[in-house]
Amino acid sequence: MIVEYLLKVRWGDTDAAGIVFYPNFYKWMDEATHEYFSSIGFPTSTLYSEQQIATPLLEANCQFKSPLLFEDDVIVRSTVVEINKKVFKISHKFFKGEKMVAEGYEIRAWTSFKEKPKACPIPNEVREKMMPENAGTVKS
């Protein structure tokens, strides 16, 4: 499934030259991941409050292709590209109009925080919704 997360670049997202300061792409990837889980029916706030499950970040990477500026409208298209027993990789592609301006990914672990944090198997009902075969586009 592909989930679209829409955002507008704010003044505080930019540096002195008026270009988006790079850490904001990582912030937006994190936000897009939370939107992804909400869109497939598993909001991360509910997962944590009801099951003490979270998806901590293990690795992140982003490549910048073209700058974003104040008030640019951006679409982040997110999809799970790899899923293992306890860990998954989610891809994020940033678009300004039809032009891809950046792309990145996060690797995250399905983790129980009931006691000491410990990675645990991704439940089948979640896995089925995350699988790339279940492609479709959801706009948030």
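The values are calculated or read from the model by the stated rules, or taken from the named source; none is laboratory data. Only a predicted model underlies this, so the values are computations on that prediction, with no experimental measurement involved. Don't worry about glycine lacking a Cβ; one is built from the backbone with ideal geometry, like all the others, and counts go over all protein chains shown.
What's the number of the condition A16 fails, among (1) modelled with pLDDT of 95 or more; (2) over 10 Å from the mean Cα position of the chain (by Cα)?
Of the numbered conditions (1) modelled with pLDDT of 95 or more; (2) over 10 Å from the mean Cα position of the chain (by Cα), the odd one out for A16 is (1).
What is the number of the single condition among (1) of a type outside the set (K, R); (2) at pLDDT 95 or above; (3) closer than 19 Å to A109 by Cβ that E82 does not meet?
Failed condition: (2).
Inside segment 101-122, can you point out the residues that are surrounded by 13 or more Cβ atoms within 10 Å (Cβ to Cβ) and either without any contact (Cβ under 8 Å) to a residue 24 or more places away in the chain or part of a strand (DSSP E or B) (or both)?
V101, A102, E103, G104, Y105, E106, I107, R108, A109, T111, S112, A119
Consider K139 against the criteria (1) surrounded by fewer than 16 Cβ atoms within 10 Å (Cβ to Cβ); (2) under 15 Å from E4 (Cα atoms); (3) charged (D, E, K, R); (4) modelled with pLDDT of 95 or more: it satisfies all of them except one. Which criterion is unmet?
(4)
So, in segment 59-79, how many residues would count as being in a strand (DSSP E or B), surrounded by 14 or more Cβ atoms within 10 Å (Cβ to Cβ) and of a type outside the set (G, A, S)? Explain how you work it out, then say what you get.
Here is the first cut: in segment 59-79, the ones in a strand (DSSP E or B) are 59-64, 69, 73-79.
Filter once more, so that each one left must be surrounded by 14 or more Cβ atoms within 10 Å (Cβ to Cβ): 60, 62, 64, 74-79.
Retained after the next criterion (residues that are of a type outside the set (G, A, S)): 62, 64, 74-77, 79.
So the answer is 7.
Restricting attention to segment 19-50, which residues are part of a helix (DSSP H, G or I), small (G, A, S) and touching a residue at least 40 places away in the same chain (Cβ under 8 Å)? Walk me through how you get there before you give the answer.
Going through segment 19-50, the residues part of a helix (DSSP H, G or I) turn out to be 23-39, 44-50.
From what is left, the residues that are small (G, A, S) are 32, 38-39, 45, 49.
Correct list: A32, S38, S39.
Residue check: is L6 at pLDDT 95 or above, of a type in the set (A, V, I, L, M), surrounded by 13 or more Cβ atoms within 10 Å (Cβ to Cβ) and on the phi < 0 side of the Ramachandran plot? I'd like the intermediate steps shown before the answer.
Numbers: at pLDDT 95 or above: yes; of a type in the set (A, V, I, L, M): yes; surrounded by 13 or more Cβ atoms within 10 Å (Cβ to Cβ): no; on the phi < 0 side of the Ramachandran plot: yes.
It is false that L6 is at pLDDT 95 or above, of a type in the set (A, V, I, L, M), surrounded by 13 or more Cβ atoms within 10 Å (Cβ to Cβ) and on the phi < 0 side of the Ramachandran plot.
Would you say F70 is more than 22 Å from G18 (Cα to Cα) and aromatic (F, W, Y)?
Numbers: more than 22 Å from G18 (Cα to Cα): no; aromatic (F, W, Y): yes.
Criteria not met by F70.
Does segment 23-57 hold any residues that are among the aliphatic types (A, V, I, L, M) and surrounded by fewer than 20 Cβ atoms within 10 Å (Cβ to Cβ), and which are they? Steps first, answer last, please.
To start, the set of residues in segment 23-57 that are among the aliphatic types (A, V, I, L, M) comprises 29, 32, 40, 47, 53-54, 57.
Result: I40, L47, A54, L57.
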